1. Sort out which residues of region 30-45 are of a type outside the set (Gly, Ala, Ser) and out of contact with any His (no Cβ under 9 Å at 6 or more places or on another chain), and write them in order of number.
2. Please name all residue pairs, on different chains or six or more residues apart, with Cβ atoms under 6 Å, provided the first residue is in region 72-99 and is loosely packed, with under 13 Cβ neighbours inside 10 Å and the second residue is assigned to a helix (DSSP H, G or I).
3. Name the residues in region 49-71 that are surrounded by fewer than 15 Cβ atoms within 10 Å (Cβ to Cβ), at pLDDT below 90 and more than 17 Å from ILE35 (Cα to Cα), would you?
Amino acid sequence: MAERKDFPMRISDDPELVPAPNQFAAGDVAEGHDIKWRIMACFRCRIPEVQGIHVTVFGNTAVLRGKVRSLHDRRLCLECCRHVPGVMRVVDELTSTEQ
């Protein structure tokens, strides 16, 4: 019996068509640490009395958690994050003792 040519070719019929194994891009953890370091450096320069703020970076999103003394300090923290290269979004989970 002759092989029919109207059916699609199977991957195993041609060794050059074997799919490559799945590869996933590794997350750039070093870049997240770099962004976090730059945010903390900005805090130290602009608001030296601020302590107890935890910064977490997920991709290009910075999450700020902790307590600040005033709404002014809170705004300064958010402004610092927005000016750091690589930060596209800031999640504000800060609380101030003025509230």
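1. Matches in region 30-45: GLU31, HIS33, ASP34, ILE35, LYS36, TRP37, ARG38, ILE39, MET40, PHE43, ARG44, CYS45.
2. Here the result reads GLU98/LEU71, each pair linking region 72-99 to a residue that is assigned to a helix (DSSP H, G or I).
3. GLU49, GLN51, GLY52, ARG69, SER70
The values are calculated or read from the model by the stated rules, or taken from the named source; none is laboratory data. Treat the numbers as computed from the prediction; the structure is a model and nothing was measured. FYI the Cβ positions are ideal-geometry reconstructions off the backbone, even for glycines, and counts take in every protein chain you see.
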